[in-house]
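The values are calculated or read from the model by the stated rules, or taken from the named source; none is laboratory data. Here the structure is a predicted model, which means the values were calculated and not measured. Cβ placement follows ideal geometry from the backbone for every residue including glycine, while neighbour counts extend to all protein chains displayed. These accessible areas exclude ligands, DNA and RNA; they are computed on the full protein's heavy atoms, side chains included. Shrake-Rupley method; radii C 1.70, N 1.55, O 1.52, S 1.80 Å.
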Amino acid sequence: MLPDASNIAKGVDGVLLFIVITGIVIIGIVTFFMIFFSVTYNKRRHPEPDSVQDSTVLEIVWTVVPIGIVLVMFYLGWKNYKFIQGVPKNAMTVRVTGRQWSWLFTYANGKNSGILELPVGKPVKLDITSADVIHGFFIPAFRIKQDAVPGVVNSIWFIPDKTGTYEILCTVYCGIGHAHMLSKAVIVPEADFDTWYNEKQQVPVQANAAAARGEGLIKQYGCTGCHTVDGSPLVGPTYKGLYNSRITVITNGKERTVTADDAYIKLCILDPGVNLVKGFPPHVMPSFKGRLTGRDIREIIAYVKTLK
């Protein structure tokens, strides 16, 4: 049984429970009468068929009752839908951006995170969109699901009412990395959230500062949705041990071996279709030309250098 960690969950569970119980009762009634009529009116007991007259009352019952049941289901669903659409004025807004294959959460103060951090007991409004293809933003424990559509902002709200960590999934097949498009919703006490929300990132000094900023950029642009930092392969090669390693690539249809130096990594970021790494699916990574500055790329490379 999934936990119910938001105010939306109870209403959704109530409607679902009503539909399931109603379906079971109807199946039970239909099955009972099928067996009853099969036994009572079989050929051995009634070798000569009887003429059955119409029953106006019966026809009215089996017409009105199903209509009534459907209308009750519609009313309960509509009531919950209207409630979900009624965003409180004091709701905290978080922008959710789906991209192949990760989620980015942007807060009102400009803070970005790959994890949805929220305070318990406070209304939250999510403005959901996509940077590339259609994704499906889904938090099972909250019973909320909304499509992330390029160029469109869809909103949904809820109140997280239980602290804990809950899964975030993508429900729309969005490419080869769909199964890895995962994140977490972390619900904490309000004081802990305020501390996290207001804290400034501590940037190391001198040489390590560029690597720290590069790590932030990799998280911000969702690079870890395809590339790991622990040595395990994912949709793309791991960053660990990448720098200055020898890599077999396919360039213009020909296989060759190259060194993963600064120039190679920069080209992979700006024009990933030039050198296709052997053993990984081709033409998956988007180009970041125009999205990353020269400094951004140098900082990302500085971070990759630290992953030995």
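Largest GNM mean-square fluctuation among 24, 156, 269, using the chain with Cα springs under 10 Å: 24. Could you list the chymotrypsin sites (Phe, Trp or Tyr not before Pro) in region 40-98 that lie in coil according to DSSP, counting only those with at most 13 other Cβ atoms within 10 Å of their Cβ? Filter output for region 40-98: 41. Across the cross-link table entries 184/308; 89/184; 125/184; 184/289, which are compared at the Cα atoms, the separations over 23 Å belong to 184/308; 89/184; 184/289.
From the largest down, region 1-153 spans 82, 32, 31 angstrom on the principal axes of its Cα atoms.
Using the empirical formula 2.2 N^0.38 Å as the baseline, the Cα radius of gyration of the chain reaches a ratio of 1.45. Between helix 56-85 and the chain there is an angle of about 20 degrees, using the helix long axis and the longest principal axis of the Cα atoms. Take the alpha carbon atoms of region 112-191, find their center, do the same for region 31-49, and report the distance between the two centers in whole angstrom. Measuring centre to centre over Cα atoms gives 55 Å.
Which order do the peptides 223-233, 157-167 take when ranked by the mean count of other beta-carbon atoms within 10 Å per residue, highest first?
Ranking the peptides 223-233, 157-167 by packing returns 157-167, 223-233.
Does region 245-289 classify as rounded, prolate or oblate by the C-alpha gyration tensor (a ≥ b ≥ c root eigenvalues; a/c under 1.5 gives rounded; else a/b over b/c gives prolate, otherwise oblate)? Because a/c hits 1.5 or more and a/b fails to exceed b/c, region 245-289 counts as oblate. Length available on full extension from residue 35 to residue 194: 0.36 nm per residue minus the Cα-Cα distance, which gives 50.9 nm. State the percentage of accessible surface on region 191-308 attributable to carbon and sulfur atoms; use a 1.4 Å probe and exclude ligands, DNA and RNA. Carbon plus sulfur share of accessible area: 53 percent. Classified by the C-alpha gyration tensor, region 10-58 has an oblate form. Its axis ratio a/c, with a ≥ b ≥ c, is 1.5 or above, and a/b does not exceed b/c.
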